[in-house]
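The values are calculated or read from the model by the stated rules, or taken from the named source; none is laboratory data. From a predicted model like this one, the values you see are computed outputs, not experimental measurements. Note that we place each Cβ from the backbone using ideal geometry, even for glycine, and neighbour counts take in every protein chain shown.
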């Protein structure tokens, strides 16, 4: 793009093509639902559960076409080559970063903080660079689609909100590689599993927006008095509140924040639901539905 002499305004269509969705990996991408019909399923208890995909392998191999679809491809070799190529060519073409070694450390630390609220000052201190440099590098990672920043929802909530964005690494395969997590056994017992599962769900939802030509309207919500929702989708002036749990057993307490917000925001809320790592979807108290990722992301 920088080498094109003219802007091509009005004569070019630009698509944001992120790595594959879960539906595409399951060979059901051609029937993948757009946002409105997809969200309509959240109000119904109609489990599909047709997926035989293995979650730990999805997280470890990520969603880039070659390592995710061709299981004969060596995941470690592919990720190492991708990162080396990204650092040596893409980064230098986009912007001078100075010390590539420090930048790779920055990339690695960002991977370990996926699913967390961004603390830029602490991030800069851990790498040993200035706040300004960390901010510039973060913008570079965002522009090159290595990370996604999820901003807090603020409308109709008042001034109680935590205002910093949450950081998500776009590809869990690269994130686990940078974390040094290389096997299912290590992954499933790792403290990173929960944040990686949340990353997996949030980024797949982001891809659904892009793939259907929509501008993402995704947020999270967290207040100082512990009211928190992992994912807020705003569509057609309605809110869909989704709590994400990487657990295989669901308790009624997981719905408490959703129910409190539904009471507070009233008619603004259209959907409240859980997306979890349970084997099957199941109805929950107060008209909340726990949806297994297998029944949900593949639609």
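A few notes on this one:
- Residues in the stretch 262-273 that are out of contact with any helix residue (DSSP H, G or I) (no Cβ under 6 Å at 6 or more places or on another chain) and surrounded by 16 or more Cβ atoms within 10 Å (Cβ to Cβ): 262, 270.
- The conditions of being touching a helix residue (DSSP H, G or I) at 6+ places or on another chain (Cβ under 8 Å), over 20 Å from residue 295 (Cβ atoms), in contact (Cβ under 8 Å) with a residue 40 or more places away in the chain and assigned to a loop (DSSP other than H, G, I, E, B) are met by residue 214.
- Subset of the stretch 73-98 that is part of a loop (DSSP other than H, G, I, E, B) and at pLDDT 95 or above - its residue that is nearest to residue 127 (Cα to Cα): 74
- Residues that are over 18 Å from residue 274 (Cβ atoms), part of a strand (DSSP E or B) and either modelled with pLDDT under 90 or in contact with a helix residue (DSSP H, G or I) (Cβ under 8 Å, 6 or more places away or on another chain) (or both), drawn from the stretch 218-236: 235
- Set side by side, the residues 202, 186, 181 differ, and just one is surrounded by 17 or more Cβ atoms within 10 Å (Cβ to Cβ) and more than 18 Å from the chain's Cα centre (by Cα), which is 181.
The rows are residues; the columns are (1) free of Cβ contacts under 8 Å to residues at least 12 places away in the same chain; (2) more than 26 Å from residue 15 (Cβ to Cβ); (3) part of a helix (DSSP H, G or I).
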residue	(1), (2), (3)
122	yes, yes, yes
125	yes, yes, yes
129	no, yes, no
134	no, yes, yes
148	no, no, no
164	no, yes, no
168	no, no, no
194	no, yes, yes
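- Lone qualifier among 259, 239 - being in a helix (DSSP H, G or I), touching a strand residue (DSSP E or B) at 6+ places or on another chain (Cβ under 8 Å) and surrounded by 14 or more Cβ atoms within 10 Å (Cβ to Cβ): 259
- Residue in the stretch 37-53 that is modelled with pLDDT under 95 and under 18 Å from the mean Cα position of the chain (by Cα) present: yes
- Filter result (under 19 Å from residue 41 (Cα atoms) and surrounded by fewer than 18 Cβ atoms within 10 Å (Cβ to Cβ)) within the stretch 219-236: 234, 235, 236
- Identity of the residue in the stretch 68-91, touching a helix residue (DSSP H, G or I) at 6+ places or on another chain (Cβ under 8 Å) and within 17 Å of residue 105 (Cα to Cα), that ends up surrounded by the most Cβ atoms within 10 Å (Cβ to Cβ): 79
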